[in-house]
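Right, one structure below, let's go through it.
The values are calculated or read from the model by the stated rules, or taken from the named source; none is laboratory data. These numbers were taken from a predicted model, which means no experiment stands behind them. All Cβ positions, glycine included, derive from the backbone under ideal geometry; neighbour counts span all protein chains shown. In case anyone asks, the SASA skips ligands and DNA or RNA and just uses the protein heavy atoms, side chains included. Shrake-Rupley method; radii C 1.70, N 1.55, O 1.52, S 1.80 Å.
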Amino acid sequence: MLAGKRTDRVGDQILKEIAILLLEKVMDPRVEKVTVTGIRISKDLKSAKVYYSVIGAGDDAARAQGGLDSAKGFIKKQLGLRMSLRYVPELRFIYDPTLAGG
């Protein structure tokens, strides 16, 4: 089995779990308008870049970044509880401006 396929499957599952957590568990009002759009995960599954977009004005992206950064530890802990991974990847949230441009 190719290593890339496993990273894609794990990345898709992590993205799905993060989306569910943002909808149901994270109660920070700064992340209400956040939509996760993609993920890039390293081959060793130890770090992940999670791309997100925000529906709204330009300053909402900065507020959402602060909310996601403050919820990062909670999200990582919940991922560890929900998924059977040896290591939960270090999460890094990056704003994706493509949705705002469309």
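Table: residues versus (1) assigned to a strand (DSSP E or B); (2) surrounded by fewer than 19 Cβ atoms within 10 Å (Cβ to Cβ).
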position: I20; (1), (2): no, yes
position: L23; (1), (2): no, yes
position: V26; (1), (2): no, no
position: R40; (1), (2): yes, yes
position: S70; (1), (2): no, yes
position: I75; (1), (2): no, no
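The number of residues in segment 88-102 being part of a helix (DSSP H, G or I) and surrounded by 12 or more Cβ atoms within 10 Å (Cβ to Cβ) comes to 2. Of the residues making up segment 77-87, not one is open to solvent by less than 40 Å² (accessible area, probe 1.4 Å) and farther than 15 Å from K25 by Cβ. For first residues located in segment 16-43 and within 21 Å of L99 (Cα to Cα), partners that are open to solvent by 100 Å² or more (accessible area, probe 1.4 Å) and lie 6+ apart or on another chain with Cβ distances below 6 Å form the pairs R30/R63; K33/I55. Candidates in segment 28-38 are the residues that are in a strand (DSSP E or B) and under 21 Å from K77 (Cβ atoms); of these, the one that is farthest from the chain's Cα centre (by Cα) is V34. Residue count for segment 42-60 under the criterion of being surrounded by 19 or more Cβ atoms within 10 Å (Cβ to Cβ) and over 18 Å from L79 (Cβ atoms): the result is 2. Being under 14 Å from I94 (Cα atoms) and acidic (D, E) holds for only one residue in D12, D60, D28, D44, and it is D60.
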